[in-house]
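The values are calculated or read from the model by the stated rules, or taken from the named source; none is laboratory data. Remember, predicted model here, so these are calculated numbers, not experimental data. Note: ideal-geometry Cβ built from the backbone for every residue, glycine included; neighbour counts use all protein chains shown. The protein model used for the area step is the full one, side chains on, heavy atoms only, and it has no ligands, DNA or RNA in it. Shrake-Rupley method; radii C 1.70, N 1.55, O 1.52, S 1.80 Å.
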Amino acid sequence: MQENIQENIIEIKDVNKGYNLGDEKVPVLKDINFTVKKGEFVAILGPSGSGKTTLMNIIGCMDLLDSGEYYLNGRAIHDTQESELTEVRNKEIGFIFQNYQLIPTYNVMQNIIMPLLIRGMGHREAKKQCSEIVKLLGIDHRLDHRPNELSGGQKQRVSIARALASEPAILLADEPTGALDSASGQEVLKLFGKLNQMGNTIVMITHDLKVAKAAQRIVRIVDGCLSEYEEA
């Protein structure tokens, strides 16, 4: 059991990424080295413009790196064709967004099972697979409601349930408390702690040190360079 916990589920080596601005290439990520072990809860902390969103897009297979290596759950993402990354995202990554990104015309259960339907699973099987998740997150009494009938905290729980539905290798959370009041935000962070104790690997992107401190480990990104966080 201990061996599994120590496996690197994310391994990023000497990764660089930049964007073209006119005739210039502007570097955004500079020689990034970063690992996350299976079962870890890691926060990536950085201010606006630090490169944290670009790093999140690399981790989430939503953007391609310019150089370096990226292994996700043993797969060499840097050698994976762009056309195959949709499948990687659907199977390996559970996305949790600041603004939830729920489909407004779908009810709670329909939103949660969407990744499974995309994978080709039938409605009945998908609902069965998600039955324990909705109980765990305390939204089993809201399954027929649409997003506009939910509070912010409930919407984020639906987003988390959707992320968990496909049993991904990692949960990737982008400013997950950013749209919530402080009480709802604390509830979400407690939920992350519980999910992590259950064995889920979580990578959380945030600009807020108080939020980052909910994680087991914090790394700081500034001007495209990553380092371990040290208390001032």
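Of the heavy-atom accessible surface of the chain (probe 1.4 angstrom), what whole percent is carbon and sulfur? That share works out to 46 percent. The mean accessible area for residues of the chain, using a 1.4 Å probe and ignoring ligands and nucleic acids, is 51 Å² per residue.
Thinking of the range 118-232 as a set of Cα atoms, what percent of all their pairs are more than 23 Å apart? That fraction is 36 percent.
The calculated FRET efficiency for the pair residue 141 and residue 194, based on their C-beta separation and a Förster distance of 22 Å, comes to about 0.70. In the assembled protein chains, residue 131 presents an accessible area of approximately 40 Å² (probe radius 1.4 Å). Taking the inverse of the average 1/r across all pairs of different Cα atoms in the range 27-131, what Kirkwood radius in Å do you get? Hydrodynamic radius (Kirkwood, Cα only) of the range 27-131 equals 16.1 Å. Other residues with beta-carbon under 13 Å from the beta-carbon of residue 223 carry, at +1 per Lys or Arg and -1 per Asp or Glu, a net charge of +2.
If we count every other residue with Cβ under 15 angstrom of residue 206's Cβ, Lys/Arg +1 and Asp/Glu -1, where does the sum land? That sum, taken over residues with Cβ under 15 Å, equals +2. Exceedance of the 31 Å cut-off in Cα-Cα distance is limited, within the set 38/135; 37/155; 127/213; 91/190, to 127/213.
For the chain, the normalised intensity computed at q = 0.07, 0.13, 0.17 Å⁻¹ comes to -0.22, -0.79, -1.29 (log10 of I(q)/I(0), Debye sum over alpha carbons, equal scatterers, no solvent).
Residue separation of residue 132 and residue 117 scaled by 0.36 nm, minus their Cα-Cα distance, works out to 3.6 nm of gained length.
With 0.36 nm allotted per residue and the present C-alpha distance subtracted, the residue 149-residue 84 stretch has 19.8 nm of extension available.
Contact order normalised by length for the range 23-118, with contacts defined as Cα pairs under 8 Å and 6 or more residues apart; what percent is it? This gives 16 percent for the range 23-118.
Note: relative contact order over the chain, using C-alpha pairs below 8 Å and six or more positions apart, is 29 percent. Taken about its Cα centre, the chain carries a charge dipole of roughly 960 debye when the Cβ of each Lys and Arg holds +1 and the Cβ of each Asp and Glu holds -1. Test of understanding: in a Gaussian network model of the chain with alpha carbons linked when under 10 Å, which of 114, 198, 56 would top the mean-square fluctuation ranking? Between 114, 198, 56, it is 198 that shows the largest mean-square fluctuation.
Under 20 Å Cα to Cα from residue 210, which aspartates and glutamates show up? Leave out anything in the same chain fewer than 8 places away. Output for residue 210: 40, 174, 175, 181, 187, 228, 230, 231. Among beta bridges identified by DSSP and lying wholly in the chain, the antiparallel ones come to about 55 percent.
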